[in-house]
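In what follows, a single structure is set out as structure tokens and then discussed.
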Amino acid sequence: MNIKLSVIVPCYNVAQYLEGFLACLDKQWGEHDHYEVVFVNDGSTDSTPSLLAEYVAADTRHRVLINQANQGVSGARNAGIKVARGEWIAFADPDDLLADGAYALLMSKWLDGSIDMLSFKTVKVEENESLDLSQSLSGNVIWEGSTYMKSDFFLPNVWNCVYRKDMVEQYKIRFRVETSFGEDALFNALLFSKGIRMKKVDSVIYYYVQRSTSISHTDEDAKIRRSIEGLMFCIQEVNKFSGPQYSTAHWVQLFVLNIVSHLMRGSFSVREVRQIRDRLIAIGVFPLTSPWRTERLYFTALAHPWLLPLVRTTVRVKHSLKKG
């Protein structure tokens, strides 16, 4: 069977979310038969392996299961890429949700030889938010070309994209296991540096569910510090490609903003913040400016580390007022 689309799903201790996610998958395909879902069990210690094995056994024609020792999300995705047979590959996280018929729409309407990559819209939702995933999908192309990185464009995630498999293989693009934060943006940056052909459509396909256990919601210093190191790695890698045909300024700026956001959630001394600032200066990506007030506030806190507690308080008060 010729496979048009392979969906790669890295799984680590996600048993509590699998029922909802697998139900979404079952509503994806419509009349389409040329697809596969590649599940990578990344050393789970809960009931994830048995749940996946049962689901895959029910339809081995369209479902594949890889079991491996824990390697992190990047290693799991790379394992999925290796075995994927599809002309196109997509990535989905099992604690998120998909609009009904989303992948069927992509296969029918946009995945053709005119592009190397397709991007679609996502919506961020809270984990207990009520959703109607059965809304009818439509969509229009809102951008196409091969010059995304000549402008201030940033695509930080892979789950809202579909990629031509032979293009990924041609350029030997893989997720960098050295980083546990920012790996999606780095994957896309490496692809964009090749001048790929792309379309962006306005259909809402993917629902990113913000979980209380996600790394962006945790205040554990060890994880925050690892995330900052991952972002520093991404900045260094992306900055290598900067040039007249490939502008990385907006990407770097958003990576730096993420670093400051992490600094405000962790317990960092003025000395530690100053060391991070000096590393960014040495790379040549700081100081920065922005037309947006909050971003300027973040950059000011990084430039003058003793202001970080004040900025942290200001941002928290601002968020509280918005919620109120």
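Once amide H atoms are placed 1.01 Å from N in the peptide plane, what residues at a sequence separation of 5 or more from Ser180, or on another chain, have their amide H within under 5 Å of its amide H?
Amide H neighbours of Ser180: Gly230.
How charged is the neighbourhood of Phe187? Take every other residue with its Cβ under 10 Å from the Cβ of Phe187, and add Lys/Arg as +1 and Asp/Glu as -1.
Details: positive: Arg77, Arg174, Arg176; negative: Glu183, Asp184.
With Lys, Arg at +1 and Asp, Glu at -1, the neighbours total +1.
Quick one: what are the phi-derived ³J(HN,Hα) couplings along segment 13-18, Karplus 6.51/-1.76/1.60 with θ = phi - 60°, whole Hz, x for glycine and proline?
6, 10, 3, 5, 9, 5
About its Cα centre, what dipole magnitude does segment 1-142 give when the only charges are +1 on Lys and Arg Cβ and -1 on Asp and Glu Cβ, stated in debye to the nearest 20?
Details: 10 positive and 20 negative charges, 108 e Å.
Computed about the Cα centre, the dipole is about 520 debye.
Just to check I understand the Karplus step: with θ = phi - 60° and J = 6.51 cos²θ - 1.76 cosθ + 1.60, what whole-Hz values come out for segment 65-74, glycine and proline as x?
Coupling constants for segment 65-74: 10, 10, 10, 8, 5, 4, 10, x, 4, 5 Hz.
What pairs in Lys4/Lys121; Lys109/Lys223; Lys27/Lys223; Lys4/Lys240; Lys124/Lys223; Lys121/Lys223 have C-alpha atoms more than 31 Å from each other? The partial results should precede the final answer.
Values: Lys4/Lys121 21 Å; Lys109/Lys223 41 Å; Lys27/Lys223 35 Å; Lys4/Lys240 34 Å; Lys124/Lys223 22 Å; Lys121/Lys223 29 Å.
Pairs exceeding the cut-off: Lys109/Lys223; Lys27/Lys223; Lys4/Lys240.
Given the alpha-carbon gyration tensor of segment 5-210, what are the semi-axes of its equivalent ellipsoid in whole angstrom, ordered largest first, with each equal to the square root of 5 times an eigenvalue? Numbers along the way, then the final one.
Numbers: eigenvalues 124, 82, 56 Å².
Gyration-tensor ellipsoid for segment 5-210: 25, 20, 17 Å.
Laboratory data are not the source of any read-out in this text; all were calculated from the coordinates shown. Values in this document were obtained by computation on a predicted structure and should not be read as measured data. Note that we place each Cβ from the backbone using ideal geometry, even for glycine, and neighbour counts take in every protein chain shown.
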